[in-house]
Amino acid sequence: MDRLRVGLVGGGPWARTVHAPGLAAHAGTELAAVWTRRPQAASELAAEFGARAYTDLEVLFDAVDAVAFAVPPQAQGRLALFAAAAGKHLICEKPLAGTVEDARAVVDAVERAGVRSTMVLTMRHAPSVRDWLAEMPAEPAGADTVAFARWISGSLLGGPYSASPWRADEGALSDLGPHVIDLLDAALGPVVDVPWARYEEPDFWRFGLLHTGGAQSTVTLSMRVPVDPSEIEFTVFGGAGRHRLAGRGADAPTCYAALLDELVAAVDGSGPPPALDVTRGLRVQELVEAVRIAVA
């Protein structure tokens, strides 16, 4: 089939460094359109990658096959409904929406429209992360297994994402938490409970997860620790041995290209629907919200 025409909604640092160049470079996609709140920013980003800038989202939807979102969760949850209703495939960031209810509405809209969707859970597309997951037993880990995960970052202290209002308001739980919870849920079996959770200002989160087979995991997150580069580590101890994963596994552009491989194959029928779709995004958001409730 022809290349998948994708419209990019958003023009922040992540849109400029990952979405736009990734869509423009991929053999199966074309960055066809750009929309941002500021028309001038849309024009500049579109010109850089040979796309067309739009000021009307409905007109943009008419010009593309899929829409990639790089906007705050509240905006994504609202705009994704219109994109799905217009029959467009979706590339969504995490969190999927501003609330669990809004995330569920996106899932319903995608199911009604019969379109494909994928979440930008970049770590899951890194080859080393996939290898790490493949080391895990097929059955959910039992009560003899414990895991420890930490993602410590200084990204809210300075740099391109420190000026992001939603990240500043919601902190590491909403930004880093989806990656960590998704990976532990995949590695040890579905999370069934959040037995405890602690939060301390300015942005320190610690919580426990109970998995369906009895395994337990402990998570530490922060985006306000002066470290560079970020400290990322997952370690599983148990009957199946010791399994350690350090770092992101691969850079974001590499993971994004693998994500696009899956989406393009799903759309043209040469591959299955992406496993990390908006239904997965809803599942992860429900678990993030469970942590927030446990803190309260």
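Every number here is computed from the coordinates shown, using simple stated rules; none is lab data. This is a predicted model, so every value here is computed, not measured. With ideal geometry, Cβ positions are generated from the backbone for all residues, glycine too; neighbour counts draw on all protein chains shown.
In whole Hz, with x marking every Gly and Pro, tabulate ³J(HN,Hα) for region 178-188 from phi via Karplus 6.51 cos²θ - 1.76 cosθ + 1.60, θ = phi - 60°.
Here the 3J(HN,Hα) series is x, 4, 5, 5, 4, 5, 5, 4, 6, 7, 10 Hz.
Among the DSSP beta bridges whose two residues both lie in the chain, what percent are antiparallel, rounded to the nearest 5? Don't jump to the answer; show the numbers that get you there.
Working: 28 of 53 bridges.
Expressed as a percentage, antiparallel bridges in the chain total about 55.
Would you mind putting 143-149, 68-74 in packing order, based on average other-beta-carbon counts within 10 Å, highest first? Intermediate results must be reported in sequence, preceding the final value.
Numbers: 143-149: 18.1, 68-74: 22.3.
The peptides rank, most packed first, as 68-74, 143-149.
Just how large is the dipole of region 50-108 about the Cα centre, in debye to the nearest 20, putting +1 at every Lys and Arg Cβ and -1 at every Asp and Glu Cβ? Mind dumping the intermediate values first?
Details: 5 positive and 8 negative charges, 30 e Å.
Taking the Cα centre of region 50-108 as origin, the dipole is about 140 debye.
Please express the Cα-Cα pair-distance distribution P(r) of region 85-227 as a list of whole percents, one per 10 Å bin, running from 0 to the bin with the greatest distance.
P(r) for region 85-227, in whole percents per bin: 10, 33, 36, 19, 2.
For Gly271, what residues show an amide H to amide H distance below 5 Å, using hydrogens built from the backbone and excluding near sequence neighbours?
For Gly271, the qualifying residues are Ala266.
From the phi angles alone, apply the Karplus equation (6.51, -1.76, 1.60; θ = phi - 60°) to region 271-285 and give each ³J(HN,Hα) in whole Hz, x where the residue is Gly or Pro.
Running phi through 6.51 cos²θ - 1.76 cosθ + 1.60 with θ = phi - 60° gives x, x, x, x, 5, 8, 9, 5, 5, 5, x, 5, 4, 5, 5 Hz.
What's the ranking of 133-140, 40-47 by average number of surrounding C-beta atoms within 10 Å, highest first?
40-47, 133-140
May I ask which residue of Ala240, Gln285, Ser270 lies farthest towards the positive end of the charge dipole of region 236-296, with charges of +1 (Lys, Arg) and -1 (Asp, Glu) on Cβ and the Cα centre as origin?
Among Ala240, Gln285, Ser270, the one farthest towards the positive end of the dipole of region 236-296 is Ala240.
Connecting C-alpha atoms closer than 10 Å in a GNM of the chain, tell me which of Arg150, Arg37, Arg116 has the biggest fluctuation.
Arg37
Order 103-109, 276-282 from most to least packed using the mean count of other Cβ atoms within 10 Å.
Values: 103-109: 20.9, 276-282: 23.3.
By packing density, highest mean first, the sequence is 276-282, 103-109.
Please report the spacing between the Cα centers of region 201-232 and region 83-133 in Å, no decimals.
23 Å
Under a Cβ-only charge scheme (Lys and Arg +1, Asp and Glu -1), can you give me the dipole magnitude of the chain about the Cα centre, in debye to the nearest 20?
It works out to roughly 200 debye.
Pull up all non-local amide H partners of Ala53: gap of 5 or more, or a different chain, and H-to-H distance under 5 Å with H placed in the peptide plane.
Val34
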